[in-house]
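Values in this text are rule-based calculations from the coordinates and carry no lab data. Only a predicted model underlies this, so the values are computations on that prediction, with no experimental measurement involved. Positions of Cβ are backbone-derived with ideal geometry, glycine not excepted, and every protein chain shown enters the neighbour counts.
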Amino acid sequence: MQLGRHISGQFNAELESIRTNVLTMGGLVEQQLSFAMQALHKQDIELARQVIRDDHKVNAMEVSIDESCTRIIAKRQPAAKDLRLVIAIIKTITDLERIGDVAAKMAYVAIETPDLKDRKFHVSLEPLCRQAIAMLHQVLDAFARMDIEAAAEVHKLDDRLDSEYEAVIRQLMTYMMEDTKNIPHILQVMWSARAIERVGDRCQNICEYIIYFVKGKDVRHLDDQSIEEVLRKE
């Protein structure tokens, strides 16, 4: 990770501790999303309940890391790259917490449709969710190394996730037309699909925070080609 070295060894330790905590939080969120997918696909009610119970751990980690960042700002008054790092971390944990919320909501859908005999509705979400989990895993790896090239590559993956989402919606709409009795259940699955698609947007945000930290450039709302141009500049 591209952290500068400071005269104060304690400052270095504080920054490293926060970085480690962000990655731990990211790992937990990735696990939550994976478990939620399994609970929905296999109709595993106990696993779904576990995901919901563990959501408070994600929330607690967000609060703890945010408090640590606030203390660093107050105590160390960071500037330049150090300040960008703290800002990037604060924004990253907000997006991770919201991805955690997606997992919890998927778990609620699994619990609320326990008697659904036709599993094809839930099965249609699995490829979409796997892509979202893979994207999250890759962006966390890019964050661990503050690798802007890797971040830019992950940023591009959202188009693929969007395409998969559109395919899922078309499939679910076909199911709705085949049997109107299933509409209430399918609407819940559609809602889950939309939430999973938003995971890709959250991952894109984290990619942008990585680039902001390393390059000092705000690349929000830029397309992939414009981001590549920013990366090529010294």
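Among 30, 228, 46, the ranking by other beta carbons within 10 Å of each residue's beta carbon, starting with the fewest, stands as 46, 228, 30. Available extension along the chain between residue 220 and residue 159 is 20.4 nm, counting 0.36 nm per residue and deducting the alpha carbon span.
Between residue 73 and residue 112, the modelled label-to-label distance comes to 3.5 nm, taking each label 7 Å out from Cα in the direction of the beta carbon. For residue 44, no residue 5 or more places off, or on another chain, has a built amide H under 5 Å of its own. Placing R0 at 22 angstrom, the Cβ-Cβ distance between residue 87 and residue 141 gives a FRET efficiency of 0.55 after rounding to 0.05.
Among 167, 230, 182, whose Cα lies farthest out toward the positive end of the dipole of the chain, if unit charges sit on the beta carbon of Lys, Arg (+1) and Asp, Glu (-1)? After comparing all options, I get 230.
The long axis of helix 80-112 is offset from the longest Cα principal axis of the chain by roughly 10 degrees.
Net length available on complete extension from residue 53 to residue 126 is 24.1 nm, with 0.36 nm assigned per residue and the Cα-Cα distance removed. For the chain, the longest principal axis of the alpha carbon atoms and the long axis of helix 9-42 meet at an angle near 10°.
Could you compute Rg(Cα) / (2.2 N^0.38 Å) for the chain, with N its residue count? Don't skip to the end; give the middle numbers.
On the way: Rg = 19.5 Å, N = 234, 2.2 N^0.38 = 17.5 Å.
Compared with the compact-globule rule of thumb, the chain sits at 1.12.
Here r is the Cβ-Cβ distance between residue 42 and residue 187 and R0 is 25 Å; the resulting FRET efficiency, rounded to 0.05, is 0.70.
Cross-linked pairs 105/156; 81/233; 57/156: Cα-Cα separations exceed 23 Å for 105/156; 57/156.
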